[in-house]
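The values are calculated or read from the model by the stated rules, or taken from the named source; none is laboratory data. Since this is a predicted model, take the numbers as computed values, not measurements. Glycine gets a Cβ as well: all are built from the backbone with ideal geometry, and neighbour counts include every protein chain shown.
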Amino acid sequence: MKNPIILGIAAVTLLLGACATNTTFTSTWKAPDATVLKPEGKRLAAVFIGRDESTRREAEDTLVRRLDAAGAQGVASYTLVPNNEARDIDGVKERLAAAGINGAVVMRVIGKRERVSYTPTPVFAPYYHHFWGYWGYGWGAAYEPIATTDEVVSVETLIYSLDRDELLWAGTSRTVNPSKVPDFVNEVADAAAKEMQKQGLLAAG
């Protein structure tokens, strides 16, 4: 397995918030021996993997606030590992160990696409009872679909224990028309938390 620090999409799932409305999880996985997560007193790295430095900082700062609210001590990984040194695995290990990091909540966008939906002109059943009634209606309301384009962003959410160097939980989600970075991160976190609750990995609260 690859090093947990360079895997995954940032999603702080240790604190519940408002229910996500545009994010759904398409798959999840939980370690067989994983128990209920207890973030209190833990130093957890918030990691957003991406080339854009400003996006990384904004996302990780959002994650840190959620971790802190859950009772953990969140640490934005950009304060320990700059983008240009992220591929130095040995260096990353040393920095996180020196910072006393116990675990990591990591985010990575794994796909983005456009989805076009077509809505046909509404059908009014009474016109269908007679051929000539339908003929007049059909030609007067020829099919003119209304096209709607949505942006669908896929992300993977991974929760690691650095003390054990093991993956505890993983999930893949899709978000339709994500908003600003903080809102997007929070929405994925909320949806992930809901999934983790269902699996008994996160206590309801």
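Conditions: (1) crowded, with 20+ Cβ neighbours inside 10 Å; (2) in contact with a strand residue (DSSP E or B) (Cβ under 6 Å, 6 or more places away or on another chain); (3) charged (D, E, K, R). ARG113 meets all but one. Number of the miss?
(1)
Suppose we filter region 46-81 for residues that are surrounded by fewer than 17 Cβ atoms within 10 Å (Cβ to Cβ), assigned to a loop (DSSP other than H, G, I, E, B) and at pLDDT 95 or above; how many remain?
Residues flagged as surrounded by fewer than 17 Cβ atoms within 10 Å (Cβ to Cβ), assigned to a loop (DSSP other than H, G, I, E, B) and at pLDDT 95 or above within region 46-81 amount to 0.
Residues in region 145-155: is at least one out of contact with any Pro (no Cβ under 6 Å at 6 or more places or on another chain) and closer than 22 Å to ARG57 by Cα? Don't jump to the end; show me each part of the working.
Of all residues in region 145-155, those out of contact with any Pro (no Cβ under 6 Å at 6 or more places or on another chain) come to 146-152, 154-155.
Next, only the ones that are closer than 22 Å to ARG57 by Cα stay: 154-155.
Looking for residues that are out of contact with any Pro (no Cβ under 6 Å at 6 or more places or on another chain) and closer than 22 Å to ARG57 by Cα, one finds at least one in region 145-155, hence yes.
Could you go through region 157-173 and let me know if any residue there is of a type in the set (A, V, I, L, M, F, W, C), surrounded by 16 or more Cβ atoms within 10 Å (Cβ to Cβ) and closer than 18 Å to ALA59 by Cα.
yes
Could you tell me whether region 119-139 includes any residue that is in contact with a strand residue (DSSP E or B) (Cβ under 9 Å, 6 or more places away or on another chain) and modelled with pLDDT of 80 or more? First the steps, then the outcome.
Initial filter on region 119-139 (in contact with a strand residue (DSSP E or B) (Cβ under 9 Å, 6 or more places away or on another chain)): 119-121.
Next, only the ones that are modelled with pLDDT of 80 or more stay: none.
There is no residue in region 119-139 that is in contact with a strand residue (DSSP E or B) (Cβ under 9 Å, 6 or more places away or on another chain) and modelled with pLDDT of 80 or more.
Residues of region 82-108 being surrounded by 17 or more Cβ atoms within 10 Å (Cβ to Cβ) and either of a type in the set (Val, Ile, Thr) or in a loop (DSSP other than H, G, I, E, B) (or both), which ones?
Within region 82-108, ALA86, VAL92, ILE101, ASN102, VAL105, VAL106 qualify.
Answer yes if at least one residue in region 180-197 is surrounded by fewer than 16 Cβ atoms within 10 Å (Cβ to Cβ), closer than 18 Å to PHE48 by Cα, free of Cβ contacts under 8 Å to residues at least 40 places away in the same chain and out of contact with any Cys (no Cβ under 8 Å at 6 or more places or on another chain), and no otherwise.
Within region 180-197 (the criterion being surrounded by fewer than 16 Cβ atoms within 10 Å (Cβ to Cβ), closer than 18 Å to PHE48 by Cα, free of Cβ contacts under 8 Å to residues at least 40 places away in the same chain and out of contact with any Cys (no Cβ under 8 Å at 6 or more places or on another chain)), the answer is yes, since at least one residue qualifies.
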